[in-house]
1. Give the angle, between 0 and 90 degrees and rounded to the nearest 10, that separates the Cα long axis of helix 98-119 from the longest principal axis of the Cα atoms of the chain.
2. Mind running the shape call on the chain? Use the C-alpha gyration tensor, a ≥ b ≥ c as the square roots of the eigenvalues: rounded below 1.5 for a/c, prolate if a/b tops b/c, oblate otherwise.
3. Sorting check: for 29-40, 105-116, which peptide has the highest mean count of neighbouring beta carbons within 10 Å, and how do the rest follow?
4. With a 1.4 Å probe and every protein chain kept in, tell me what percent of the accessible surface of the chain is carbon plus sulfur.
5. Count charges around LYS31 for me, please; just the other residues with Cβ under 14 Å from its Cβ, Lys/Arg as +1, Asp/Glu as -1.
6. Please work out how many pairs of lysine residues in the chain are eight or more positions apart (or on different chains) and have Cα atoms closer than 20 angstrom.
7. How charged is the neighbourhood of ASP7? Take every other residue with its Cβ under 15 Å from the Cβ of ASP7, and add Lys/Arg as +1 and Asp/Glu as -1.
8. Based solely on its DSSP helices, what 222 nm [θ] is calculated for the chain when runs of n ≥ 4 H residues each add -39,500 (n - 2.57) and the sum is averaged over all residues, nearest 500 deg cm²/dmol?
Amino acid sequence: SIATLKDLPPFTFPDLLDQARKIDVLWFERKPRPFPKFAFEVETTPEFRRALLRLYQLRDFDTALYVIADEAKQLLFEKRLQDEPFYALRHRFVFRSFEEVLRLYRLQVQLAGAQARFFAERFPLRW
């Protein structure tokens with residue numbers, strides 16, 4: 001597991017923090033009082049409801065809610081967003097495929113390599 005925090009910042013009530021700990025990935029803003037900026041659920045089962053419910057717990061925060069799944073499941077994802085309680089917040093949920101995540105990762109690796117080569121002479125990067 002990759003984590004830069006040992007525990008979640010106390011951004012809300014203890015009961016909601018317990019629910020937030022069940023979300024696959026949370027990225028926090030870097031402010032004096034960090035709040036979740038992005039939340040990701042990786043869905044490998046045929047059902048989206050549990051993943052959507054976990055993300056739904058963050059509805060009162062300005063958090064982007066992502067579901068990562070196989071591209072073939074996008075229509076099922078969109079269908080689940082028509083159900084309550086998700087319908088009113090359907091515009092807050094974003095679907096991304098495993099392929100899109102992999103493509104973004106590969107591009108980021110290329111960018112990091114290009115930056116290292118570009119700045120290496122003057123400012124050696126230490127990762």
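The values are calculated or read from the model by the stated rules, or taken from the named source; none is laboratory data. Keep in mind that what you see is a predicted model, and the values were worked out from it rather than measured. Glycine also receives a Cβ, built like all others from the backbone with ideal geometry; neighbour counts cover every protein chain displayed. These area figures cover heavy atoms from the full protein model, side chains too; ligands, DNA and RNA do not enter into them. Shrake-Rupley method; radii C 1.70, N 1.55, O 1.52, S 1.80 Å.
1. Taking Cα atoms only, the helix is inclined about 20 degrees.
2. Because a/c hits 1.5 or more and a/b fails to exceed b/c, the chain counts as oblate.
3. 29-40, 105-116
4. Ligands and nucleic acids excluded, carbon and sulfur reach 56 percent.
5. Numbers: positive: ARG30, ARG33, LYS37; negative: GLU29, ASP62.
So the surrounding residues net to +1.
6. Details: LYS6/LYS22; LYS6/LYS31; LYS6/LYS37; LYS22/LYS37.
Count of close lysine pairs: 4.
7. On the way: positive: LYS6, ARG21, LYS22; negative: ASP18.
The answer is +2.
8. Rounded to the nearest 500, it is -10500 deg cm²/dmol.
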